[in-house]
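Colleague: Once you've had a glance at the structure underneath, I'll fire off some questions.
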Amino acid sequence: MKKLSQIIDCDYDIEIKGIKINSKEIEPGDLFVCTKGVNADRHDFIDDAIKNGAVAVIVSRDVNCSVPMVKVSDTNKVLPIICSKFYDNPEKKLKIIGVTGTDGKTSTATIIQTLIGSDKCGYIGTNGRSCSKFNKEINNTTPDSDKLFEYFKDFVDAGCEYVVMEASSEAFFRHRLDLIEFTGGVITNITKEHLNIHKTFENYIDCKCMLFRQVVKNGFSILNSDDNLYSKVFESCHGTVLTYGKNKNDTLFIKDIFTRSDRTIMNIVIDNKLYNIESPLLGEFNVYNLSGAILCALKLGIDIDTIINRISNIRVSGRLELLPNMGQKFNIMIDYAHTPNGIINLLNFINTLNINRSIVVIGSAGERDYLKRPIMGKTVVDNASYAIFTYEDPRSEEPIDIINMMTSEIKDHNNYEVVVDRSLAIKRAIDMAVDGDIVLILGKGNETYQKLKNKTIYFNDFEEAKKYLKERLEREKVGI
């Protein structure tokens with residue numbers, strides 16, 4: 001608890017119990033900050049916040065309200081500053097590693113935490129926030145500042161020395177990370193995404209590069225030299241620059257890759273020494289994710305033998321995750337892939353396996369980059385045996401409109417169908433699978449929600465798949 005005058009220049013000594021930007025989350029004694037998001041201007045919810053107990057508000061335009069008000073030029077920029085002060089500058093007590101990129105952020109960040117150790121390193125990202133002492137869900141890949149600095153304090157209190165976090169382009173665009181001085185930055189790749197927010201690809205690239213501009217002078221920047229935009233990112237780098245890729249001059253040279261259905265074998269060269277590594281992560285794209293993480297762990301002082309030993313413990317929830325076999329003669333796999341690049345990488349790997357058919361369940365999130373939807377649809381039907389198009393967090397959009405955009409350029413294909421309801425789409429895929437098939441349920445990984453027009457409901461692809469697989473196997477037992 002702090003006085004308002006302690007966290008922002010004003011004459012109000014009113015006690016503040018917490019800071020919130022969501023009026024629905026306000027509790028008595030909280031400060032309400034009227035930030036502006038993609039679809040909402042929190043100034044419109046001041047009355048709701050006061051009804052719920054807000055004792056003061058921070059605004060960026062003239063409003064009438066019945067509690068103390070502080071006006072600033074930009075609430076989005078002020079928010080991280082006051083949150084840092086409120087939680088006693090926890091970000092300065094941690095070594096923070098940022099992971100950015102269009103695909104692979106979650107996997108790379110999770111691997112880094114595993115290699116460092118969850119007793120010393122916290123994680124913040126799509127799969128929640130966790131360390132050895134807790135594992136909790138979060139709403140955004142990179143949380144808003146009112147949550148982010150609270151989470152940093154939790155990690156400090158848990159005894160963590162490091163935090164590895166997924167640093168999204170939107171988080172930089174929304175000023176959520178303005179105060180963070182990163183010990184290190186890692187980038188996976190950059191392909192077109194989130195143009196609904198950034199408007200141009202150049203703006204998107206620039207927000208990705210902001211991570212490396214915020215690396216401290218004695219820190220490090222880790223880049224994928226095989227990515228098409230490597231040179232552009234390099235221009236923004238601070239600290240020591242380390243690279244990984246298939247170039248012999250890379251800090252970590254990926255010499256050989258041998259993919260298997262249950263593991264990946266890779267030979268890498270570091271400081272002219274060859275290391276043979278067996279990884280539980282599947283696919284060539286995960287070799288790149290692992291390589292960036294290895295360099296990060298090495299730079300933080302973890303020896304290579306310890307790193308290699310810890311690789312066998314890596315598990316990334318909702319990424320190429322196989323459902324446990326319940327007696328069926330086909331496989332079901334859940335993956336978070338939701339970009340054209342992520343989908344093609346996944347299907348390229350699947351097509352190297354000895355399978356009969358690949359059956360893909362896929363949608364595209366509402367209120368997100370609509371330009372990628374036709375590309376996603378064509379990518380799936382061109383590279384999978386069969387596709388079932390469905391919804392995925394449609395939000396305010398009509399699900400069928402999203403699906404029509406996804407199928408707009410594949411009308412001449414006959415290897416797909418539309419099942420709007422995601423639960424029924426999963427059922428359809430499982431019911432049609434035969435021996436040797438693989439069912440791929442893409443887009444949501446291990447998320448536990450579905451965002452519909454007026455509400456958010458509980459939904460989990462794993463649970464839906466298990467339910468319908470069990471039903472099918474029970475029907476088969478009795479010969480139905």
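Colleague: Can you tell which of LYS372, LYS378 is surrounded by 20 or more Cβ atoms within 10 Å (Cβ to Cβ), touching a residue at least 24 places away in the same chain (Cβ under 8 Å) and under 27 Å from THR191 (Cα atoms)? It would help to see each step written out before you state the result.
Modeller: Values: LYS378 fails: surrounded by 20 or more Cβ atoms within 10 Å (Cβ to Cβ).
The unique qualifying residue is LYS372.
Colleague: Shifting gears a bit: Can we say LYS455 is at pLDDT below 95 and more than 27 Å from the chain's Cα centre (by Cα)?
Modeller: Numbers: at pLDDT below 95: yes; more than 27 Å from the chain's Cα centre (by Cα): no.
Taking the combined requirement at face value, the residue does not satisfy it.
Colleague: Here is a follow-up. Looking only at segment 237-250, which residues are at pLDDT 95 or above and open to solvent by 50 Å² or more (accessible area, probe 1.4 Å)?
Modeller: THR240, LYS246, ASN247, LYS248, ASN249 - these are the residues of segment 237-250 that are at pLDDT 95 or above and open to solvent by 50 Å² or more (accessible area, probe 1.4 Å).
Colleague: State which residue is nearest to ILE197 (Cα to Cα) when the search covers only segment 5-56 and only residues that are part of a strand (DSSP E or B) and under 26 Å from the mean Cα position of the chain (by Cα).
Modeller: Start the filter on segment 5-56 by keeping residues that are part of a strand (DSSP E or B), which leaves 15-16, 18-20, 30-33, 36, 41, 56.
The next check asks that each one be under 26 Å from the mean Cα position of the chain (by Cα); those that pass are 19-20, 33, 36, 41.
Working: ILE19: 25, LYS20: 23, VAL33: 22, LYS36: 13, ASP41: 15 Å.
This residue is LYS36.
Colleague: Hey, any hits in segment 452-468 for a residue that's in contact (Cβ under 8 Å) with a residue 60 or more places away in the chain, open to solvent by 20 Å² or more (accessible area, probe 1.4 Å), polar (S, T, N, Q) and in a loop (DSSP other than H, G, I, E, B)?
Modeller: no
Colleague: Continuing with this model, one more query. Among the residues of segment 265-294, what is the count of those that are open to solvent by less than 10 Å² (accessible area, probe 1.4 Å) and in contact with a Phe, Trp or Tyr (Cβ under 6 Å, 6 or more places away or on another chain)? Full working, then the answer.
Modeller: Restricting attention to segment 265-294, the residues satisfying the condition of being open to solvent by less than 10 Å² (accessible area, probe 1.4 Å) are 266, 268, 277, 279, 283, 287, 290-294.
Adding the requirement that they be in contact with a Phe, Trp or Tyr (Cβ under 6 Å, 6 or more places away or on another chain) leaves 268, 283, 291-292.
Residues that pass the stated criteria total 4.
Colleague: Check off (1) charged (D, E, K, R); (2) within 30 Å of ASN218 (Cα to Cα); (3) at pLDDT 95 or above; (4) in a helix (DSSP H, G or I) for ASP119 and give me the number that stays unchecked.
Modeller: Here ASP119 clears every test but (4).
Colleague: State whether one or more residues within segment 425-434 are assigned to a strand (DSSP E or B), in contact (Cβ under 8 Å) with a residue 60 or more places away in the chain and surrounded by 14 or more Cβ atoms within 10 Å (Cβ to Cβ). Give the derivation first.
Modeller: Start the filter on segment 425-434 by keeping residues that are assigned to a strand (DSSP E or B), which leaves none.
Checked against the condition, which is being assigned to a strand (DSSP E or B), in contact (Cβ under 8 Å) with a residue 60 or more places away in the chain and surrounded by 14 or more Cβ atoms within 10 Å (Cβ to Cβ), segment 425-434 yields no hits at all.
Colleague: State yes or no: is ALA171 in contact (Cβ under 8 Å) with a residue 24 or more places away in the chain, in contact with a strand residue (DSSP E or B) (Cβ under 6 Å, 6 or more places away or on another chain) and farther than 16 Å from ILE112 by Cβ? Lay out the reasoning, then the answer.
Modeller: Details: in contact (Cβ under 8 Å) with a residue 24 or more places away in the chain: yes; in contact with a strand residue (DSSP E or B) (Cβ under 6 Å, 6 or more places away or on another chain): no; farther than 16 Å from ILE112 by Cβ: yes.
In short, no.
Colleague: Of (1) open to solvent by less than 10 Å² (accessible area, probe 1.4 Å); (2) in a loop (DSSP other than H, G, I, E, B); (3) not charged (D, E, K, R), ASN64 satisfies all except one. Which?
Modeller: (1)
Colleague: Among the helices (runs of 4 or more DSSP H) contained in segment 340-422, which hold 2 or more residues that are more than 26 Å from VAL287 (Cβ to Cβ) and among the hydrophobic types (A, V, I, L, M, F, W, C)?
Modeller: The qualifying helices (runs of 4 or more DSSP H) are 399-406.
Colleague: Give me a count of the residues in segment 77-102 that are open to solvent by 60 Å² or more (accessible area, probe 1.4 Å) and either assigned to a helix (DSSP H, G or I) or in contact with a Phe, Trp or Tyr (Cβ under 8 Å, 6 or more places away or on another chain) (or both).
Modeller: Residues flagged as open to solvent by 60 Å² or more (accessible area, probe 1.4 Å) and either assigned to a helix (DSSP H, G or I) or in contact with a Phe, Trp or Tyr (Cβ under 8 Å, 6 or more places away or on another chain) (or both) within segment 77-102 amount to 6.
Colleague: Check ILE21 against each of (1) more than 30 Å from THR188 (Cα to Cα); (2) at pLDDT below 95; (3) surrounded by 21 or more Cβ atoms within 10 Å (Cβ to Cβ) and name the one condition it does not meet.
Modeller: In the conditions (1) more than 30 Å from THR188 (Cα to Cα); (2) at pLDDT below 95; (3) surrounded by 21 or more Cβ atoms within 10 Å (Cβ to Cβ), ILE21 misses (2) alone.
Colleague: Does segment 280-308 hold any residues that are more than 21 Å from the chain's Cα centre (by Cα), within 14 Å of LEU252 (Cβ to Cβ) and either free of Cβ contacts under 8 Å to residues at least 40 places away in the same chain or part of a strand (DSSP E or B) (or both), and which are they?
Modeller: Within segment 280-308, LEU298, ILE304, ILE308 meet the criteria.
Colleague: Please return the ranges of strands (runs of 3 or more DSSP E) entirely within segment 127-231 where 1 or more residues are open to solvent by 40 Å² or more (accessible area, probe 1.4 Å) and either under 24 Å from LYS77 (Cα atoms) or touching a Lys or Arg at 6+ places or on another chain (Cβ under 9 Å) (or both). Walk me through how you get there before you give the answer.
Modeller: Numbers: elements: 128-131, 134-136, 162-166, 182-187, 215-224.
The qualifying strands (runs of 3 or more DSSP E) are 134-136, 215-224.
Colleague: Sticking with this one: With the requirement that a residue be modelled with pLDDT of 95 or more, of a type outside the set (Val, Ile, Thr), under 27 Å from ILE190 (Cβ atoms) and out of contact with any strand residue (DSSP E or B) (no Cβ under 8 Å at 6 or more places or on another chain), what does segment 286-329 give you?
Modeller: Listed by number, the residues that qualify are ASN289, ALA297.
Colleague: Of all residues in segment 316-346, count the ones that are free of Cβ contacts under 8 Å to residues at least 60 places away in the same chain and within 22 Å of the chain's Cα centre (by Cα).
Modeller: The first filter runs over segment 316-346 and keeps only residues free of Cβ contacts under 8 Å to residues at least 60 places away in the same chain, leaving 320, 322, 324-325, 344.
Now narrow it down to the ones that are within 22 Å of the chain's Cα centre (by Cα): 320, 322, 344.
The qualifying residues number 3.
Colleague: Residues of segment 334-363 being within 19 Å of ILE438 (Cβ to Cβ) and either surrounded by fewer than 19 Cβ atoms within 10 Å (Cβ to Cβ) or hydroxyl-bearing (Ser, Thr, Tyr) (or both), which ones?
Modeller: TYR336, ASN348, PHE349, ASN351, THR352, LEU353, ASN354, ILE355, ASN356, ARG357, SER358
The values are calculated or read from the model by the stated rules, or taken from the named source; none is laboratory data. Small disclaimer: the values here were computed from a predicted structure and weren't measured. Every residue, glycine as well, gets a Cβ built from its backbone with ideal geometry; the counts of neighbours run over all protein chains shown. In case anyone asks, the SASA skips ligands and DNA or RNA and just uses the protein heavy atoms, side chains included. Shrake-Rupley method; radii C 1.70, N 1.55, O 1.52, S 1.80 Å.
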